[in-house]
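Q: Please see the structure below; I have some questions.
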Amino acid sequence: MTSSRRHHLKSLILGIAKDLLAAEEKQTEEERVRYMEEKCPPLSLPGSLQELQDLCKELHQKIDVVDEERYDLSVKVAKSEKEIEDLKIKVQDLIGKFKKPALKKVRMSADAMLQALLGSKHKVSLDLRANLKQVKKEVKEEEKEAVGDWHKNIEDKAGMGGRKKMFESEA
């Protein structure tokens, strides 16, 4: 398709869309006028005080009815919006793909991070090595003593923690 043909088709489509929008606008204006004539008849003010009070009462009743309808519709809309949100969440859960924002890598020292979190008023220096415990290696001498002469107490250590002698002496 050539560019001139494409341009011509595009202009035709835009012209049709413009006509459709104008027709839709005219139709909505006609509907609005018809609705206003139906719902709001021309106002004829009565001459006497009693008729004027009756008209006011009638208008107040109509206002109450309209307010009730408006409230009911607003509750329905809120309920529908909540249901739509719940369904959107369910769809997201079913798809299992959540949009994760691209996070930037930030190189920041611990001191700068604490200063950013606590504000510039607090001067905090973080020396992690100062809080560590000092551990000294101790040589366990007890194990060396235990390895010593194993023949020395062989009778005491023989079977069942030295209870073997007790059974032998009774028998």
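Q: Residues in the stretch 102-114 that are open to solvent by less than 100 Å² (accessible area, probe 1.4 Å) and not hydrophobic (A, V, I, L, M, F, W, C): how many?
A: Summing the residues that are open to solvent by less than 100 Å² (accessible area, probe 1.4 Å) and not hydrophobic (A, V, I, L, M, F, W, C) in the stretch 102-114 gives 2.
Q: With the requirement that a residue be open to solvent by 100 Å² or more (accessible area, probe 1.4 Å) and either under 56 Å from the mean Cα position of the chain (by Cα) or in contact (Cβ under 8 Å) with a residue 40 or more places away in the chain (or both), what does the stretch 37-56 give you?
A: The answer is 37, 38, 39, 42, 43.
Q: Now for a different question. Scan the stretch 29-50 and tell me whether some residue there is touching a Leu at 6+ places or on another chain (Cβ under 8 Å) and of a type outside the set (Phe, Trp, Tyr).
A: Checked the stretch 29-50: at least one residue is touching a Leu at 6+ places or on another chain (Cβ under 8 Å) and of a type outside the set (Phe, Trp, Tyr).
Q: Let me ask something additional. Could you please tell me which pairs satisfy a Cβ distance under 6 Å, a separation of 6+ or placement on different chains, a first residue in the stretch 57-76 that is closer than 18 Å to residue 45 by Cβ, and a second residue that is part of a helix (DSSP H, G or I) and open to solvent by less than 100 Å² (accessible area, probe 1.4 Å)?
A: Final answer for the pair search is none.
Q: Within the stretch 73-95, can one find any residue that is out of contact with any Cys (no Cβ under 7 Å at 6 or more places or on another chain), open to solvent by 100 Å² or more (accessible area, probe 1.4 Å) and not in a helix (DSSP H, G or I)?
A: Checked against the condition, which is being out of contact with any Cys (no Cβ under 7 Å at 6 or more places or on another chain), open to solvent by 100 Å² or more (accessible area, probe 1.4 Å) and not in a helix (DSSP H, G or I), the stretch 73-95 yields no hits at all.
The values are calculated or read from the model by the stated rules, or taken from the named source; none is laboratory data. Quick caveat: nothing in here was measured; it's all calculated off a predicted structure. Using ideal geometry, Cβ is built from the backbone for each residue, glycine included, and neighbour counts are taken over all protein chains shown. Heavy atoms of the whole protein, side chains included, go into the accessibility calculation; ligands, DNA and RNA do not. Shrake-Rupley method; radii C 1.70, N 1.55, O 1.52, S 1.80 Å.
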